[in-house]
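Peer 1: I'd like to ask you about the structure that follows.
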Amino acid sequence: EGVSTISLKVNGTVRAIRAEPRVTLLDALREYLDLTGSKKGCDHGQCGACTVLVDGRRVNSCLTLAIMTQGKEITTIEGLAKGDELHPMQAAFLKHDGFQCGYCTPGQILSAVACVQEGHAGSEAEVREWMSGNLCRCSAYPNITAAILEAKG
Ligand code: FES
């Protein structure tokens, strides 16, 4: 199979990998770029653990080909904090205990950031609907919702 050079702009830095064109964005991040914050839960678009932002919109990175995201801005959990300063959504998750085991948390937080940025945090019901693709086995849902409602300000 042919290997291609795929150039990805992740958290503001352009990095090139050599991979087959079929490599997913999730595998590109985790296996090639060593950015393991994005988690592989189901690898089939059903759990949301792999959620990242592409040009500000959330995507399941397990369902996205890396090659299709060339030239776009990819944001992962590693890119949210500014130095020691947490992103307001990260701070809100901490304050409200929006996680237990933490496995789904990176995906939850990226989805939550998109929820607010895209104007879907108008009510608890709206937040729950938007976040329904991000599963949490520990059922921290009420705390996650509370964190998002606070972070939207
Ligand atoms: Fe992508 Fe579950 S790993 S949705």
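Peer 1: Quick one: what are the phi-derived ³J(HN,Hα) couplings along segment 7-22, Karplus 6.51/-1.76/1.60 with θ = phi - 60°, whole Hz, x for glycine and proline?
Peer 2: So the Karplus estimates, Gly and Pro as x, are 9, 10, 9, 10, 6, x, 10, 7, 9, 9, 10, 10, 8, 5, x, 7 Hz.
Peer 1: Rounding to the nearest 10 and keeping the result within 0 to 90°, find how far the Cα-based axis of helix 141-151 lies from the longest principal axis of the chain.
Peer 2: Once rounded, the angle reads 90 degrees.
Peer 1: Please report, in Å, the Rg and the Dmax of segment 62-153, where both are computed over Cα atoms only.
Peer 2: Cα only, segment 62-153: 13.3, 37 Å (Rg, Dmax).
Peer 1: Once every DSSP H run of n ≥ 4 in the chain is given -39500 (n - 2.57) and the sum is divided by its residues, what mean residue ellipticity at 222 nm do you get, rounded to the nearest 500 deg cm²/dmol?
Peer 2: Details: 4 runs with 39 residues, N = 153.
One gets -7500 deg cm²/dmol as the mean residue ellipticity at 222 nm.
Peer 1: From largest to smallest, what semi-axes in whole angstrom does segment 4-78 give when each is the square root of 5 times an eigenvalue of its alpha carbon gyration tensor? Show your work: numbers first, answer last.
Peer 2: Values: eigenvalues 57, 36, 24 Å².
Result for segment 4-78: semi-axes of 17, 13, 11 Å.
Peer 1: Under the rule of at least 5 residues apart or a separate chain, name every residue whose amide H is placed under 5 Å from the amide H of Ser4.
Peer 2: Ala19, Glu20
Peer 1: Can you run phi through the Karplus equation (6.51, -1.76, 1.60; θ = phi - 60°) for segment 107-114 and list ³J(HN,Hα) in whole Hz, with x for Gly and Pro?
Peer 2: x, 4, 5, 5, 5, 5, 4, 5
Peer 1: Could I ask something else about it? Which whole-angstrom value gives the distance between the alpha carbon centres of segment 98-153 and segment 7-61?
Peer 2: Value for the Cα centre distance between the two parts: 20 Å.
Peer 1: Calculate the FRET efficiency for Thr5 and His44 from the Cβ-Cβ distance with a Förster distance of 30 Å, rounded to the nearest 0.05.
Peer 2: Numbers: r = 28 Å, r/R0 = 0.92.
It comes out at approximately 0.60.
Peer 1: Before anything else, pin down the relative contact order of the chain: Cα pairs under 8 Å, at least 6 apart, normalised by residue count, whole percent.
Peer 2: Details: 281 pairs, mean separation 35.2, N = 153.
The normalised contact order for the chain reaches 23 percent.
Bear in mind that the values in this text are calculations on the coordinates, not laboratory data. Here the structure is a predicted model, which is why all the values come from computation and not from measurement. Positions of Cβ are backbone-derived with ideal geometry, glycine not excepted, and every protein chain shown enters the neighbour counts.
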